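The values are calculated or read from the model by the stated rules, or taken from the named source; none is laboratory data. What you see is a predicted model, and the numbers here were worked out from it, not measured in a lab. Glycine also receives a Cβ, built like all others from the backbone with ideal geometry; neighbour counts cover every protein chain displayed. These area figures cover heavy atoms from the full protein model, side chains too; ligands, DNA and RNA do not enter into them. Shrake-Rupley method; radii C 1.70, N 1.55, O 1.52, S 1.80 Å.
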Amino acid sequence: MNNKLEGFVKDNKKEFEVRGPSDKLWEKIAAELDKKQEPKKKIELYKWLSIAAMLVISLGIYFTYNYTQATTGINVADISPEFGQKEVRFVNQIEEKRDSLAIYATANPELYKKFTNDLKNLDADYERLKVELPESPNQLLIVKAMVRNREMQLQILKQQLMIINQVNQYKKENSI
């Protein structure tokens, strides 16, 4: 069978070479070559997502950096680690006492309002000191005043809680 095929190819070799591809085929090939299609530039979804992620991360870093620079400035611990530790301890205790005081707010809203006004004044003084700190020539003195302010806030909260406990105790004794 292979001999027959080989024989046929040898006998008709000239016809294969002479004929070649048809004119219609050459016309189709030429038409395709003339079209000159520009390759489509497509950016795939993962590329768009990676660009968006980089943009979001960059903006996040930028705004975080600017926010921390604007709000924090210099910390108490930067000036004096000892006073920094005291302030952290006072702040933690102040938060605990404020939470305890807030529990009594529903029973005595007027008394709670008076108590919180005192604390708001001290908070305003603390914020004023915090603003003065970076520009002060004697930063240690400002830091001491800031820590003293926190200590006063804590003392006031302790006194307020003691007063509330005494009022509650008095109410219990008179109700019996």
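Can you tally the net charge around GLU82? Count Lys and Arg as +1, Asp and Glu as -1, for every other residue whose Cβ sits under 12 Å from the Cβ of GLU82. Value of the local net charge: +2.
Note the full-extension length gain between VAL88 and ILE57 as 0.36 nm times their separation in residues minus their Cα-Cα distance, in nm to one decimal.
Stretched out fully, the VAL88 to ILE57 stretch lengthens by 8.0 nm.
Ordering VAL56, VAL76 by accessible surface, largest first, gives VAL56, VAL76; the 1.4 Å probe counts only protein heavy atoms, with every chain in place.
Distance between the modelled labels on ILE74 and GLN155, one decimal in nanometres: 2.6 nm (7 Å Cα→Cβ projection). The residues LYS144, LYS28, sorted by heavy-atom accessible surface at 1.4 Å with ligands and nucleic acids left out, run LYS28, LYS144 from largest to smallest. Gain on full extension, evaluated as 0.36 nm per residue between ILE163 and LYS120 minus their Cα-Cα distance, stands at 13.6 nm.
In the structure shown, the pairs LYS113/LYS171; LYS86/LYS171; LYS13/LYS35 are assessed against 26 Å; a Cα-Cα span above that value is assigned to LYS86/LYS171; LYS13/LYS35. Accessible area ranking (1.4 Å probe, heavy atoms, ligands and nucleic acids excluded), largest first, for LEU33, LEU154, LEU25: LEU33, LEU25, LEU154. The HN-Hα couplings worked out from phi for region 130-140 by the Karplus form 6.51 cos²θ - 1.76 cosθ + 1.60 (θ = phi - 60°) are 5, 5, 6, 3, x, 9, 6, x, 10, 5, 5 Hz, whole numbers, x standing for Gly and Pro. The 3J(HN,Hα) values that the Karplus relation (6.51, -1.76, 1.60; θ = phi - 60°) gives for region 80-87 are, in residue order, 9, x, 5, 5, x, 5, 4, 4 Hz. Gly and Pro appear as x. Applying 1/(1 + (r/R0)^6) with R0 = 35 Å to the Cβ-Cβ distance of GLU127 and LEU45, what FRET efficiency is obtained, to the nearest 0.05? With a Förster radius of 35 Å, E is 0.15. Here r is the Cβ-Cβ distance between ARG98 and ASN138 and R0 is 30 Å; the resulting FRET efficiency, rounded to 0.05, is 0.45.
In order along region 55-61, phi translates into HN-Hα couplings of 5, 4, 5, 4, 5, x, 5 Hz, rounded to whole numbers, per the Karplus curve 6.51 cos²θ - 1.76 cosθ + 1.60 with θ = phi - 60° and x for Gly and Pro.
Please compute the length gained on full extension between PHE8 and LEU25, using 0.36 nm multiplied by the number of residues separating them and subtracting their Cα-Cα distance.
3.6 nm
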